[in-house]
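Please read the structure below before turning to the comments.
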Amino acid sequence: MYTDSHCHLNFPELMRQLDTILPAMQAAQVTRALCICTTLEDFDAVHSLSMAHDNMWATVGVHPDNEGVREPSLQDLLDGAARPKVVAIGETGLDYYQMDERKGGRTVADMEWQRDRFRTHIQAARQTGLPLVIHTRQASEDTIAILKEEGESGGPGSAGGVFHCFTESMQVARAALDLGFYISLSGILTFKTAADLREVARFVPDDRLLIETDSPYLAPVPYRGKLNNPSYVPLVAKLLGELRGTSSEAIGELTTQNFLKLFAKTAA
């Protein structure tokens, strides 16, 4: 019934507990999960998870905030995308969170390596026809601008994809939706400080909505601060249902159908 559209089950803290997480997912009616790649070094492990479990799929990509790792070429991403059960390109995007020019830190110009990496991922998505999994943090203006520069418009030939773990403004949500992207909401939605995000959650159209855990991070209330895992995604659906005047189960069904539509290769 429920689908976790973004999790990191290959991370050691979750892999060590996989024997308990899998039954917990079944008990919570979490029937699908997308395992997200963040480095090429970890791609084989992410892909192996998807191959070992009928209800899991994988992505290929390098997280924008990862430095000192193998830099992905276009061919690396195309080769990874050709593997069975790889259904998206990413996680990719821009992350300026740790950039602080006021303290003598890096400037926007210093982040060109992130922007170059992002463009490579967009090109791979457009060539393969697979959707993008977008991470953007304190960089939404550049994220939207680069998507447009690389030809993403929501029209024919666009790769599209999802802005995962969305925490941006209503303006950014509108811009992402205008480009044909989906919006995915995580356990952050349940935090007391997330009033603005809950307004976005009410606004996103039914056919563009996804839910996720981003586990092992961002466990929803009442587990905030603890290790997150995909069995908690119904808690996101529960609050989302309350915000939108429907049931947790209806949100689970709706977001699962959206997942299957966006990541169409999951049906292959």
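The values are calculated or read from the model by the stated rules, or taken from the named source; none is laboratory data. Predicted, not measured: the structure shown is a model, and the values here were computed from it. All Cβ positions, glycine included, derive from the backbone under ideal geometry; neighbour counts span all protein chains shown. Surface areas here come from the heavy atoms of the whole protein model, side chains and all, with no ligands, DNA or RNA. Shrake-Rupley method; radii C 1.70, N 1.55, O 1.52, S 1.80 Å.
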Computed over region 17-58, Kirkwood Rh from alpha-carbon pairs, angstrom: 10.9 Å
Point-charge dipole on Cβ atoms (K/R +1, D/E -1) for region 114-268, about Cα centre, debye to 20: 280 debye
Within a Gaussian network of the chain (alpha carbon springs, distance under 10 Å), most fluctuating of Leu147, Leu227, Leu40: Leu227
Cα-based shape type of region 185-268, given that a ≥ b ≥ c are square roots of the gyration tensor eigenvalues and the cut on a/c is 1.5: oblate
Mean Kyte hydropathy of -1.0 or more with a Cα span along the axis of at least 15 Å, helices from DSSP in the chain: 233-244, 248-262
Where labels lie 7 Å past Cα in the beta-carbon direction, separation of Lys226 and Phe191 in nm: 1.9 nm
Spin-label pair Lys261/Arg83, simplified geometry with 7 Å Cα→Cβ offset, distance in nm: 3.0 nm
Amide N proximity, region 222-247 versus Thr20 label position 7 Å along Cα-to-Cβ, cut-off under 18 Å: 222-233
Dimensions in Å of region 128-268 - Rg and Dmax from alpha carbons: 14.7, 43
Residue-by-residue Karplus 3J(HN,Hα) for region 210-221, coefficients 6.51, -1.76, 1.60, Hz, glycine and proline x: 9, 10, 7, 10, 6, 4, x, 9, 6, 4, x, 4
Net +/- balance of residues flanking Ile122 in space, Cβ distance below 12 Å, scoring K and R +1, D and E -1: +1
Rounded accessible area per residue of the chain, 1.4 Å, Å²: 43 Å²
Packing-based ranking, highest mean first, of 178-184, 229-235 given that Cβ atoms within 10 Å are counted: 229-235, 178-184
All aspartates and glutamates inside 19 Å of Lys148 as judged from Cα atoms, apart from same-chain residues fewer than 8 positions distant: Glu91, Asp95, Glu112, Asp116, Glu168, Asp178
Ranking by accessible area, most exposed first, for Glu149, Glu141, Glu13 with a 1.4 Å probe: Glu141, Glu149, Glu13
Two-decimal Rg/Rh across the chain, once Rg and the Kirkwood Rh are taken from alpha-carbon atoms: 0.94
Amide H partners (placed H, <5 Å) of Ser215, local residues excluded: His8
Estimated distance in nm for a label pair at Asn55 and Thr39, the labels positioned 7 Å out from Cα along Cα-to-Cβ: 3.0 nm
Equivalent ellipsoid semi-axes - Cα gyration tensor, region 58-138, angstrom: 26, 11, 10
Peptide ranges 187-198, 60-71, 122-133 listed from the most packed, as the mean C-beta count within 10 angstrom indicates: 122-133, 60-71, 187-198
Region 149-214 - Rg (one decimal) and Dmax (whole number), Cα, Å: 12.2, 40
Hydrodynamic radius by Kirkwood, which averages 1/r over all alpha carbon pairs of region 1-156, in angstrom: 16.5 Å
Segment Gln127-Trp113, extension gain: residue separation times 0.36 nm, minus the distance between their alpha carbons: 2.9 nm
